[in-house]
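First the structure, in the form of structure tokens, and then the observations on it.
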């Protein structure tokens, strides 16, 4: 029997997801390839690991033994890797840090500027990817720390909130929906009933982006089915296209402030029962085992944002 660590990870992910299609998506491989890999593993073991019932997969007794041993093997391997890195001094001077591209474009420079001004000699290895990819890189230990928006999709990660804010509805200035805006208390933006945007044209992020995921949560809460006519990875592009009158968008107020003033759109709050509290978080596998450079980055990020947000590490479920 000759199984790789990757094949062990395949089985553990199928166990975690309970469905081979979801597991393949999380592992960023094709579903047929994962099915073939599982068959190869079972053939080599001479035992079935899963019972297949419709679209769900549950462990057999042999599968339970495999998962228990597989977890132990991966934990031992990761500990050995960490010990070697510490032994040769890499952990004390290097950090692999990830963030979505737009967020990283203004966070990474500020982190580097602070480190340099404090005279701290640390090698920073930055990874820019969408939030789901970053979560998987954390799980595979390809990066040590990520800065990204909630909600987290993966289990077993810890996060520390460093900023919370609102989602803002952008309506093109000449859209007739603007007549339904209304003032509520002393909020800086008026409100608009998002249910009025049913079947309207929307500009959204691409699948895998956290902003797109949050948009879908809001649509579900409001029970609307908008017409998604445009997808982009760039929040700035979405806002600028909305300003042309092409469609409606929902983006974090945080990004709205970073983009600066762009004419052609009106901004509205969304009623709390339909909206979503957008949070920026630092995410890792275990805060207690972070390297010294990673802890420095956390301190820098804490100083850049309000101290009112909770700072205690906590486990995050898949969805709010």
### Query
Within the set of pairs 6 or more residues apart or between chains, which connect a residue that is within 25 Å of residue 4 (Cβ to Cβ) inside region 74-96 to a residue that is at pLDDT below 60 with Cβ atoms less than 7 Å apart?
85/91
### Query
Do we have residue 23 as surrounded by 15 or more Cβ atoms within 10 Å (Cβ to Cβ) and part of a helix (DSSP H, G or I) here?
yes
### Message
Against the condition surrounded by 18 or more Cβ atoms within 10 Å (Cβ to Cβ), part of a helix (DSSP H, G or I) and either in contact (Cβ under 8 Å) with a residue 40 or more places away in the chain or out of contact with any helix residue (DSSP H, G or I) (no Cβ under 6 Å at 6 or more places or on another chain) (or both), how does residue 14 come out, does it pass?
### Response
yes
### Task
Examine region 53-63 for a residue that is touching a helix residue (DSSP H, G or I) at 6+ places or on another chain (Cβ under 9 Å) and in a helix (DSSP H, G or I), and state whether such a residue exists.
yes
### Query
Among (1) crowded, with 17+ Cβ neighbours inside 10 Å; (2) at pLDDT below 90; (3) in contact with a helix residue (DSSP H, G or I) (Cβ under 8 Å, 6 or more places away or on another chain), where does residue 258 come up short?
(1)
### Message
Can you say whether residue 115 is outside any loop (DSSP other than H, G, I, E, B) and out of contact with any helix residue (DSSP H, G or I) (no Cβ under 9 Å at 6 or more places or on another chain), as far as the supplied structure shows?
### Response
no
### Query
Does residue 48 satisfy the condition of being touching a residue at least 60 places away in the same chain (Cβ under 8 Å) and more than 30 Å from residue 209 (Cβ to Cβ)?
no
### Query
Out of (1) in contact with a helix residue (DSSP H, G or I) (Cβ under 9 Å, 6 or more places away or on another chain); (2) surrounded by 15 or more Cβ atoms within 10 Å (Cβ to Cβ); (3) modelled with pLDDT of 85 or more, what's the single condition that is false for residue 201?
(1)
### Query
Does region 280-294 hold any residues that are outside any strand (DSSP E or B) and under 15 Å from residue 99 (Cα atoms), and which are they?
294
### Message
Residues that are surrounded by 14 or more Cβ atoms within 10 Å (Cβ to Cβ), under 15 Å from the mean Cα position of the chain (by Cα) and part of a loop (DSSP other than H, G, I, E, B): does region 179-194 have at least one?
### Response
no
### Query
Which of the residues that make up region 278-310 are modelled with pLDDT of 85 or more and surrounded by fewer than 14 Cβ atoms within 10 Å (Cβ to Cβ)?
286, 295, 299
### Message
Can you find a residue that is in the same structural domain as residue 292 (by TED's automatic domain parsing) and more than 21 Å from residue 213 (Cα to Cα) anywhere in region 145-160?
### Response
yes
## Note on the structure
(1) outside any strand (DSSP E or B); (2) surrounded by fewer than 17 Cβ atoms within 10 Å (Cβ to Cβ); (3) modelled with pLDDT of 85 or more all hold for residue 125 apart from (1)
### Task
Inspect all residues belonging to region 39-49 and state whether any of them is in a helix (DSSP H, G or I), in contact with a helix residue (DSSP H, G or I) (Cβ under 6 Å, 6 or more places away or on another chain) and surrounded by 14 or more Cβ atoms within 10 Å (Cβ to Cβ).
yes
### Query
Can we say residue 147 is under 19 Å from residue 238 (Cβ atoms), crowded, with 17+ Cβ neighbours inside 10 Å and within 13 Å of the chain's Cα centre (by Cα)?
no
### Message
I need a count of the residues in region 83-109 that are touching a strand residue (DSSP E or B) at 6+ places or on another chain (Cβ under 7 Å) and modelled with pLDDT under 75.
### Response
1
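The values are calculated or read from the model by the stated rules, or taken from the named source; none is laboratory data. Because the structure is predicted, anything quoted here is derived from the model rather than measured. We place every Cβ from the backbone using ideal geometry, glycine too, and count neighbours over all the protein chains shown.
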